[in-house]
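Here the structure comes first, spelled out in structure tokens, and everything after it is commentary.
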Amino acid sequence: MDDILGLFDHTNVSILILDSGGVILYCNRLFCDLTGIEQSTCNGRFFREAIPLQGEEALALENSIRKVAATGRPSPQISLTCPFRVRGSAISRLQQIVPIKEFQGHQNCVGVVFELVSEESISISEVNESLRRTEKMMALGNLMAGLAHEIKTPLGSIVSNTDVIQRCLTKMKKALTDEEALAIPEGIRQLFDKHLKLISNAMHINEVASQQLLHQVNSLKHFLRFDEEEFSEIDLQEILEQVLVLTHHLTKNRIAVVRDYQPIPRVPGSPGKLGQVLLNLVTNAIQAMPGQGRLTLATLANKSAVIVRIKDTGEGIPPENLERIFSKGFTTKRRGMGTGLGLAISLNIMKDHGGSIEVESRPGQGSTFSLRFPLTGDTDQHAKI
């Protein structure tokens, strides 16, 4: 066994052996180089103390470890980048979890294997995969845009007809109070009045629901204009409100939304593309708050720029990741949740508009993303910071 463990110290992968509860029984030399943990003090630690993953990713890894230990079957191949860094631009990526029946007297153990790869190779492979997903989303977006148009037409008819029916009901109620209606037996008039009220209430509910749905369809159509290139004068507060409509199902009964809108001028830009930026940042902020939280949207202007701030009370971003969050392919979300392109694309869109994105974050205290749109015209009407 010692010979095999010695061989592990000379491989180009980092290796952990854990018991069924996730306690480290062995780690090879490369793993210690990556983490800075002494090999002599590594044993006996819980794996979360040595692998710097947080939140859902750490929980998912723990569940995978327990499942492999319980079933005796290896996990499917994993592609999860870990924030280890060694040898310049080389970083570590979790690759496989395999069962080990017995290790140093411990039963049902697992081996966790990390491969050492360059950031460039991760970026190329993951960005290519992300681009394929983006192409599918583009196709789905075009389909949704057509569907939204098809829904809007009959929905507009429903709203219009609801208004006509409401006005007819009002006239019928009035007719029941006219002198000619006194000839109608009292019991029949009361029955008519009762059912007219029921119909009127039902039509009011239909009208409110139809207006809400129409508002959502209009907002959806706005954000599905992927190919819009023409610049126009944009009301950023209006776009923020449309974003809140589209993300309402994510915040309902969970996230308190605070609007801190100061008067700002319109800015030149592409409504579809800037809507994409704001939707991405607001969605990221919501996803950073897995439980209860507060989302603050602020707008303000000074003599040189219009500023939009999106602040959350979520988990925050570790300092070592702040410089990488705008890199293509980099994501801290679990597989299937993020492509690693959202912030990179958003930054490029802002640069195309002559603007910038700044971020402030502390782990456990949330994050604030600030969009800055430079002003070149008259600023007398702008609010002061």
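With respect to (1) over 24 Å from Glu315 (Cα atoms); (2) modelled with pLDDT under 85, the lone exception for Gln54 is condition (1).
Inclusion of Leu281 among residues that are at pLDDT 85 or above and outside any strand (DSSP E or B) is warranted. Of the residues in the range 113-128, at least one is in contact with a Leu (Cβ under 9 Å, 6 or more places away or on another chain) and modelled with pLDDT of 80 or more. Looking only at residues in the range 161-197 that are of a type outside the set (A, V, I, L, M) and assigned to a loop (DSSP other than H, G, I, E, B), the one that is farthest from Ser210 (Cα to Cα) is Pro185. Just so you know, in the range 235-274 the residues that are free of Cβ contacts under 8 Å to residues at least 12 places away in the same chain and charged (D, E, K, R) include one that is surrounded by the fewest Cβ atoms within 10 Å (Cβ to Cβ), and it is Lys252. A residue that is among the aliphatic types (A, V, I, L, M) and assigned to a helix (DSSP H, G or I) occurs nowhere in the range 258-272. Taking the stated definitions as given, is Glu102 among the charged types (D, E, K, R) and either modelled with pLDDT of 60 or more or not in a helix (DSSP H, G or I) (or both)? Judged against the criteria, Glu102 is a match.
The values are calculated or read from the model by the stated rules, or taken from the named source; none is laboratory data. Computed from a predicted model, the values in this text were never measured in an experiment. For neighbour counting, all protein chains shown are included, and Cβ atoms are generated from backbone atoms with ideal geometry for every residue, glycine included.
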